[in-house]
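Right, one structure below, let's go through it.
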């Protein structure tokens with residue numbers, strides 16, 4: 001065992017890791033690919049192992065207990081595949097399972113969520129009104145609102161569940177009249193009037209980020225976690241001497257149930273052939 005330091009200064013006891021080990025990432029479906037793509041842009045020398053739990057998507061309408069169960073098993077899977085760090089690239093899982101995962105895997109790995117880095121970033125921006133959109137589970141948890149108010153008590157935070165967006169994206173309805181109508185219907189809600197920033201509280205949503213920005217005439221800062229989290233990940237790896245400089249890179253993509261759309265989106269983000277494998281970890 002050895003002591004490692006996270007970017008926020010907190011120390012964890014974790015087994016000694018090797019820089020060539022991959023970064024583990026998981027989400028309920030294609031959403032986490034936005035985070036994986038950002039990581040490859042910022043950390044091109046890192047190998048990734050991605051798990052999309054397509055058999056249970058979307059997580060947003062699942063109970064917190066179910067999400068914790070799924071997240072625990074997937075984290076075990078990623079560690080069984082030698083991940084040096086596990087990134088929860090799902091807001092619903094970050095809101096419902098991050099705390100339990102930290103307790104369960106204390107001393108076994110470094111865990112990073114997608115909520116805290118965004119909250120920390122926005123606490124430096126001095127916005128007076130911030131909107132949050134996400135799945136039912138993420139919004140009902142109140143995690144964003146609670147953490148934002150702790151960091152910036154004077155900031156007004158307006159949260160709204162947008163449950164149709166994930167199945168819309170997973171079914172491939174993007175950049176068309178159907179998606180534009182759904183997005184506009186949600187974002188025209190008067191509660192969002194006057195917001196200066198909008199948090200995309202789901203890692204699926206960056207896929208439609210331009211459509212969302214257009215609704216606000218590009219006058220609102222639309223905040224997605226992908227690049228912010230990737231920067232934090234780089235800090236964590238650097239502080240723990242885990243940045244891969246070996247030149248050896250191998251990415252692996254696992255799904256719990258095959259969907260043609262997952263493969264399509266994966267190939268859009270990662271040019272060329274991808275190593276996509278179905279892994280039934282629930283049997």
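The values are calculated or read from the model by the stated rules, or taken from the named source; none is laboratory data. Quantities reported herein were computed from a predicted structural model and do not represent experimental measurements. Note that each Cβ is placed from the backbone with ideal geometry, even for glycine, and that neighbours are counted across all protein chains shown.
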| field | Residues within region 58-76 that are out of contact with any strand residue (DSSP E or B) (no Cβ under 6 Å at 6 or more places or on another chain), closer than 26 Å to residue 107 by Cβ and buried (at least 20 other Cβ atoms within 10 Å of the Cβ), tallied | value | 3
| message | Cβ-Cβ under 6 Å, sequence separation 6+ or interchain: first residue in region 167-196 and exposed (fewer than 13 other Cβ atoms within 10 Å of the Cβ), partner at pLDDT 95 or above. Which pairs? | response | 191/158; 194/129
| query | Going by the conditions given, is residue 100 under 21 Å from residue 116 (Cα atoms), within 14 Å of the chain's Cα centre (by Cα) and not assigned by TED's automatic domain parsing to the domain that holds residue 147? | reply | no
| request: Can you tell me which residue among 257, 251 is modelled with pLDDT under 95 and out of contact with any helix residue (DSSP H, G or I) (no Cβ under 9 Å at 6 or more places or on another chain)? | output: 257
| Do the conditions hold for residue 207, that is, is it in a strand (DSSP E or B), under 20 Å from residue 89 (Cβ atoms) and under 16 Å from the mean Cα position of the chain (by Cα)? | no
| remark: Per the filter on region 120-140, residues within 30 Å of residue 167 (Cα to Cα) and surrounded by fewer than 20 Cβ atoms within 10 Å (Cβ to Cβ) are 120, 121, 129, 136, 140
| message | Could you tell me how many of the residues in region 226-272 are in contact with a strand residue (DSSP E or B) (Cβ under 6 Å, 6 or more places away or on another chain), farther than 30 Å from residue 175 by Cβ and surrounded by 20 or more Cβ atoms within 10 Å (Cβ to Cβ)? | response | 1
| remark: Conditions (1) out of contact with any strand residue (DSSP E or B) (no Cβ under 9 Å at 6 or more places or on another chain); (2) outside the structural domain of residue 70 (by TED's automatic domain parsing); (3) part of a helix (DSSP H, G or I) -> residue 174 fails only (3)
| request: Give the residue, chosen from 212, 228, 199, 265, that is modelled with pLDDT under 95, outside any loop (DSSP other than H, G, I, E, B) and more than 16 Å from residue 48 (Cα to Cα). | output: 265
| said: Return the residues of region 141-158 that are part of a loop (DSSP other than H, G, I, E, B) and either without any contact (Cβ under 8 Å) to a residue 24 or more places away in the chain or in contact with a strand residue (DSSP E or B) (Cβ under 9 Å, 6 or more places away or on another chain) (or both); say none if nothing qualifies. | reply: 142, 152, 153, 155
| field | Which listed residue is crowded, with 24+ Cβ neighbours inside 10 Å, closer than 20 Å to residue 277 by Cβ and touching a residue at least 24 places away in the same chain (Cβ under 8 Å), from 93, 89, 55, 97 | value | 89
